[in-house]
Structures are given as structure tokens and as C-alpha cells.
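All remarks here apply to the structure that follows.
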Amino acid sequence: MPNPKKPEHMLQLLQHFIKHSNQIKQIHSLLTTSGRLLLTSQWINTLLYNTLIRAYLNISQPQTTLILFTHMLFHQAQPNSHTFPSLIKAASSFPPHLASHIGKPLHCQVLRRGVLSDPYVCTSFIGLYSHACELGSAHKMFDEIPEPCVVSYNAMLDACGKNGDMGLGFLMFSRMPYRDVYSWTSMIHGYMKNGCSEVAVKFFQRMMIHEDVKCGLMKPNEATFVSVLSSFTFLDVSVALYLGRQVHAYMVKNEELSVFMTTALIAFYGKMGCMVYASKVFDAMVIKQVCAWNAMISSLALNGREKQALMMYEKMRARGLQPNDITFVAVLSACARAKLVDLGFKLFEKMSHEFGLVPKMEHYGCVVDLLGRAGLLQEAYDFIKKMPFKADATVLGALMGACRLYGGIELGNEVAQLLLKSQPSHSGRYVQLSSIYAGAERWDHAAALRKAMLDAGIHKVPAHSFI
């Protein structure tokens, strides 16, 4: 049995607790003991701190992880290349602006300690700067790596996708001496996320005819299928269904369907309007997790089956599953489409009171849409004013659409002015307001607005048909 009074044995115990990270009290106890052993050999101190830093990161306590690093410096334990990846990962768990503020002092420490040459540290920083929306800094960090490996390249591809620079992403992808499934998936997901679904599908097709896939050295993984199925939903329905069924058949033939893969299939068939297929996939699932229920509820609501969607929510609750943020977006959307105002408000209140969930912008947008669809325009506007944060364009856009539907000219004009301040070049906002004026036969206002668009050099995006 290891003796916790000896630093070497304490290290073994700490590593054991990392694997069983629910034993937080024992970790705290060992931390206290380690404080009494700080005068032992220097490398033991560093190892103890590295192990503790990693342990607190594993139990989702990034703040404690960073505080431990300050203690480490105070007690003159020397950080090394094994210290910083955990600290960088802890910094990445904070919101982007905070992650940037935390990351820069860490970067300085890395330079000071002379461990920037470690490719693992550099790759960790690429992820941090990507999360902080600083693609330029991530690119500079990548350039610091003398011989980047496939992991470093993949981190850079992911950064390009997250920050909307797929041109740089394609350049990086072209330069890679070797590509694995994560490289291909990062490109597919990046193009899909940045509105280039057709390119994402072409990349998937290119991947499937690659020699490594044909020889069985590489095959698409769970994330690949989820990304490409999402990409299909932006294509023409007939093309999307043809491709989606092919991918579905490949998945059934070659893969053991995971929860996330089946959830992606349910969402895909739901968006295509094929509720029979969506229901078959859902019913075939042995273990139905919350994500699968969410996809089914959303699909039903999207296809005009709002009451069935709400019944599905009740079934989920009856099975003892706890709803999450996405669940409430789905059920509130169902209430909005069915104009069930009272039920919608009850569910909105339950979010925080019963389930301890903090409503986000999406949830407030659903409530505004709920009130707007029911014709309660002023109530919707009053609700926006009471929001704990400033309403974004999606929330205001939902109210403006309701104003157009119900002829709320004055309120529509007021909301439009707010939208035009935040999105002065968005042609859709001008068109919506012009339509409101035209619906009320205020032709002079509509004409003046169209002229203002032309004077500002803003053009309506032309519609097109696939026929």
C-alpha cells in the first residue's frame, strides 16, 4: 500500500484519483499533505503540481487548476512542458474574451520557461487562440512548429473552420503530407458551418473515393457522418434525400450506429419532411438519450405536428429523463407554431424554477416568436424590453416578421430602425419593412425605402428555383 507521507507514493495516489475523479475529498487531502512536502526534491514538487493540475481539470474545475499554477510559482516549483497543456485547456474552457486574457500570460510563461519548442504546447495554444477568435495568433503559433504533425495541422484546420477562413483551411489541407479522418472531417464540418454545404458534400465524396478509404486504412467516423448529414439539409430536397439514404445505408452496413449518429439521422429526415423514416430510426433505438428525444421533438414541431411534439416531451419526462437547453428550444418552438401562449410561458418558467436552466437568447427568441405568432405584438415588444440582455437580430427579426403578418406598422417601423442600426447592410430588413408599408398601402414610404436601399448600394438577394 503506498505511503502518503512519501512524495513518490503520494504521486501514485494522485494518479489513481485522476482515474477516479469523483474522489474529490481525497485529492484535497493529498493537496494539503503535499503542502507539507514542498521542501523535498524539486522534480517531485513539479510532478505533484502537474498531477494535481491535471486532476482538477479532469473534474471540471478550471479555476482551481489555474489557482494551483499560481501556488506552484509561489512555491518555486518549476513548470515544464507537461504543466502547460492542462493550463491551456483550462483557459480554453472560459468564454472567448476571458480565454484570451488568461492565455496571453500563459504564453509569456511558456516563452520564459523555454518550452515553446514543444509541439504539444504549441498545438494546445492553437486550440486556445482558435477558441478566443484570434485566428492570426493561432496561425503564428502554428508557424512556430518546425515540423508540424497531423495533430497540429488538424488543430489549425479546426481553427480555420471555427473562425470562418476556409481559404486558409484549404491551403493548410493541401500542404498536409498525411491526412487522417479528422483532417477530412474538419474540412467537411468547416465548410458546412460556414454556409458552403455543396463544397462540404464534395469533400465527403472525395474522401470516400480516396485510396486510404478503399483500402480500409481510413473510414469516416461519427463526426464525419453527423457533419455530412447536416450539410445535406441545405441542398435541394430530392438530391439531399438521395444522398442521405446512401449515407444511411453505408452507416448501417459498415458501422454500429451510435446515439449521435442516429440522432443526426432523425434530424436529417425531420428536416426533409420524412417523418416516417425519422420515426423508424427513433423507434429502432434501444437506448434513447435526451439528444435523440430532442431531435424527434424538433422534427415533429417542424413538420406541423406540434401536439405530437409536446406529447413526445411528456413521454420523455415520464421516462425520468431531464430536459436540457435544446429540449426547451424544441418545445417552445412547438408552442409558438401551435400558438399555445399559456403553455409556452409555463414551460419557459419551468426552465429555471424546476430544472435550474438559465434561459439563453434562443429561448427568449422562441417566446417572442410565440407572442408574435399569436398576434400579441405589444406584449412581445414589452417582453424584449424586460430581457436581461440586449436582444439580437434573430429576436428582433421574429417580432418584425409578426408585425408584417399582422400589419403592425408603427411597431414594425420602430423594430426595423433597431435592426437597421445593428445590420445596416442587411437587404432582408429593408425588404421586410417595405413589405409592411406596402401591406398598409403606404406606397410613398415603401418607395422611399427602396430608394434608400439603392442609394446605399444595397441590393435584394435574388430568389431562385431548383425547377
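The values are calculated or read from the model by the stated rules, or taken from the named source; none is laboratory data. Because the structure is a prediction, the values reported are computed rather than measured. Quick reminder, even Gly has a Cβ in these numbers, built from the backbone with ideal geometry, and neighbours come from all protein chains shown. Ligands, DNA and RNA are excluded from the accessible area calculation, which covers all protein heavy atoms including side chains. Shrake-Rupley method; radii C 1.70, N 1.55, O 1.52, S 1.80 Å.
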With the 1.4 Å probe rolled over protein heavy atoms, the range 188-255 has an accessible area per residue in Å² of 53 Å²
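Quick one: in the range 211-345, what % of C-alpha pairs are over 26 Å apart? Kindly include the intermediate steps, with their values, before the conclusion.
Working: 2385 of 9045 pairs.
Cα-Cα pairs of the range 211-345 separated by over 26 Å account for 26 percent.
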Using the Cβ atoms and a cut-off under 10 Å, what net charge is assigned to the surroundings of ARG373, where Lys and Arg are +1 and Asp and Glu are -1? +1
Test of the criteria: in the range 285-369, which trypsin sites (Lys or Arg not before Pro) are in a DSSP loop and have at most 16 other Cβ atoms within 10 angstrom of their Cβ? ARG319, LYS339, LYS360
Could you pull out the pairs from LYS253/LYS315; LYS307/LYS390; LYS315/LYS346 whose alpha carbons sit more than 22 Å apart here? LYS253/LYS315; LYS307/LYS390
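As an exercise, use a Förster radius of 30 Å and the Cβ-Cβ distance of ILE326 and GLN63 to find the FRET efficiency, rounded to the nearest 0.05. Don't skip to the end; give the middle numbers.
Numbers: r = 26 Å, r/R0 = 0.88.
So the FRET efficiency works out to roughly 0.70.
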If packing is taken as the mean number of other Cβ atoms within 10 Å per residue, what is the order of 363-373, 214-224, 406-416, highest first? 363-373, 406-416, 214-224
The range 103-177 versus the range 185-220: alpha-carbon centroid distance in Å: 22 Å
Taking LYS140 as the anchor, which aspartates and glutamates have their alpha carbon closer than 16 Å to its alpha carbon, excluding any fewer than eight residues away along the same chain? ASP118, ASP158, ASP165
Principal axis dimensions, largest first and in whole angstrom, of the range 94-168 by Cα: 34, 30, 15
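Within the set LYS288/LYS360; LYS193/LYS339; LYS360/LYS385; LYS214/LYS271; LYS89/LYS202; LYS193/LYS219, which residue pairs have Cα atoms separated by over 27 Å?
LYS193/LYS339; LYS214/LYS271; LYS89/LYS202
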Per residue Cα convex hull volume for the range 188-255, in cubic angstrom? 76 Å³
Reported to two decimal places, what Rg/Rh ratio describes the range 116-255 when computed on Cα atoms with Rh from the Kirkwood expression? 1.01
Answer check: the range 315-354, Cα atoms, Kirkwood Rh, Rg/Rh ratio of 0.96
